[in-house]
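Any read-out appearing in this document is the output of simple, stated calculations on the displayed coordinates, not a laboratory observation. These numbers come from a predicted model, not from an experiment. No Cβ is skipped: glycine too gets one built from the backbone with ideal geometry, and neighbour counts run over all protein chains shown.
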C-alpha cells in the first residue's frame, strides 16, 4: 500500500512530535509513504466559520495535488481536523458532480483537477486496518505489560463519517494497545469532545469538557490521542484545571504512534518524546524500569 | 414579539429571511425531538438549546438567533449530526450560522469572528498557518490585555520546546492567492 502524506499545519508547529513519531512508526512498519509537495492548509475550523465554498476549496486543492503526484495512492492524514476537512470534500464531490465542477473551476487556475477518486485515510484507520495488531506484535521490544492506557479518539476521526470505527463506541485502538501488552483503561470518555478550538475563544466551556476527560482518565498511566488539538487540550491545562477543582489530574498524554514506537524500541528522540507537555516523572520512571 | 409592518420594516424582514433561507432548507424537516440537545457536549453553556435554536431558525427569528451564543458554542463534535433521527446536517447548519454572523460582523460574535478571520488571513498570506503569528495578531485584534497573559505560560513552554517560532514568516510566496480570489469571485464578493 502506498500513501501520500498530508501532515497539516499543526504537525509543523505545536504537534511536531506527532509528525516525527508518525514518520518513525510508518518507517518501522515498512509503509511506502511520501509527503505531498507544496501542500497547503485545509482551512481547519476557521474556513467553515467564514465561507462554505472556501472550506471546500482549501481541502480540494490538496486532494488534487495528491492525485497529481501519486495517482491511486491513499492520502494519509494524522490530524483529525484535517482528516475530516479532506474527507468531507472526498464524500461530497463523489455524490455531487456539480460541486466537483465548481471546485474544479477554482482549481484549474493552478492546473489542478479533482477526479473524484481520492481516498482519504486517518492515521488510526491505516494503523488499525492496513497494518493491524498482527504486524505490530512481533516488533515489540519493550512490552507495556505494566501499563494501563486510556484510548482517546476525540470526535472528527469518528464522526460524521463512520469509516473505520463505531462512532458511538470506538474500539479501533484497543487491539493495537493490547498488541504492545498494555491494558485498556476502562472509561467512556474515548469519543467525547475536548472542546477543540473553544480553548482559544470560549475557554471556560473548553475547560469543563477537558476536566471531565482528565477525571475519567484517573487511574490510567497515560492517555493516547490521535489529534493535535485533542493532545494540546488534554496536556496543556492540567495544572490550571487541577488547581480549580482541587484534584490531582496530572497524567501523561502521548500520541498513539509515540506509544507504539516506544514499545517497538524506537529511540525516544525519534519519537519526539521530549516535546510533549505532559509526561509525568512516574511515567518516565516506569518506562525506564 | 411585536413587529410593525411599515414598508422599511417589511423590506428588512424579507432581506433577513433570504439570509436564513439556506439554513432553513437544511433543517426543514426538524421534528423538535431534542436528540441534538441531549447529545450536545456544550448544551450546558448555551443560552438556547440546539433544539430551540432550530425552531427559531424555522420561524425566521433573526434577532433572537444572533443574540444567542448557541451556534458559536458548537465545537463540531458531530454527535447531533450522527444521531438526528431525520438525518439532518445539524453541525453544518451551525457552521452556516457562524458564516452569517461573520459576514454580517455581528458584535456579539466578534471574538470568534476575529479568531477565524486572522486564521484565514494567515493561510492566505503563507499557504499554511503560522501558529505564533496567528495568536499574536488575534490578541492584537481582540484588544483584551488579559487574554495573552492567560496563554503566556503555555506560549513560553511551546517556545522552549521549539514548537512555535518567533520568526516572522517571509512574505515571498502566496500559493493560495488565485484560489482565494476565485472563491471570492464565485461568491460574488470580489
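Listing A:243, A:159 from the residue with the fewest other Cβ atoms within 10 Å to the one with the most, what is the order? Numbers along the way, then the final one.
Values: A:243 10, A:159 25.
Fewest-to-most ranking of A:243, A:159: A:243, A:159.
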For chain B, what does -39500 (n - 2.57) per DSSP helix run (n ≥ 4), summed and divided by total residues, give at 222 nm, in deg cm²/dmol to the nearest 500?
-18500 deg cm²/dmol
Beyond 19 Å, what share of the Cα-Cα pairs of the range B:110-186 remains, rounded to the nearest whole percent?
45 percent
Relative contact order %, the range A:197-289, counting alpha carbon pairs below 8 Å whose residues are six or more apart:
26 percent
5 Å-binned pair-distance histogram of chain B (Cα, whole percent)
1, 7, 12, 14, 15, 14, 14, 11, 7, 3, 1, 0, 0
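Going from the alpha-carbon gyration tensor of the range B:7-104, what semi-axes, largest first and in whole Å, does one get by taking the root of 5 times each eigenvalue? Intermediate values should be presented prior to the final figure.
Values: eigenvalues 105, 39, 26 Å².
So the equivalent ellipsoid measures 23, 14, 11 Å along its semi-axes.
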Give the relative contact order (percent, whole number) for chain B; include only Cα pairs under 8 Å separated by 6+ residues.
16 percent
Compute the FRET efficiency between residue A:174 and residue A:146 as 1/(1 + (r/R0)^6), taking r as their Cβ-Cβ distance and R0 = 25 Å, and round to the nearest 0.05.
0.90
Quick check: the distance between the Cα centres of the range B:33-75 and the range A:189-242, to the nearest angstrom?
24 Å
Tell me the angle of helix B:146-160 to the major Cα principal axis of chain B, expressed in degrees between 0 and 90 and rounded to the nearest ten.
50 degrees
Normalised radius of gyration for the protein assembly as shown, please: alpha carbon Rg relative to 2.2 N^0.38 Å, two decimal places.
0.97
For the range A:2-122, what's the radius of gyration and Dmax over Cα atoms, in angstrom?
13.9, 42
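Set the Förster distance to 25 Å, then compute FRET efficiency between residue B:67 and residue B:147 from the Cβ-Cβ distance, nearest 0.05. Before the final figure, lay out each step's value.
Details: r = 23 Å, r/R0 = 0.93.
In this case the efficiency is close to 0.60.
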Area projected by the alpha carbon convex hull of the range A:142-288, averaged over all directions, nm²
8.5 nm²
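With contacts defined as alpha carbon pairs under 8 Å and 6 or more residues apart, what's the relative contact order of chain A in percent? Please report the intermediate quantities before stating the final value.
Numbers: 498 pairs, mean separation 56.1, N = 289.
Across chain A, relative contact order equals 19 percent.
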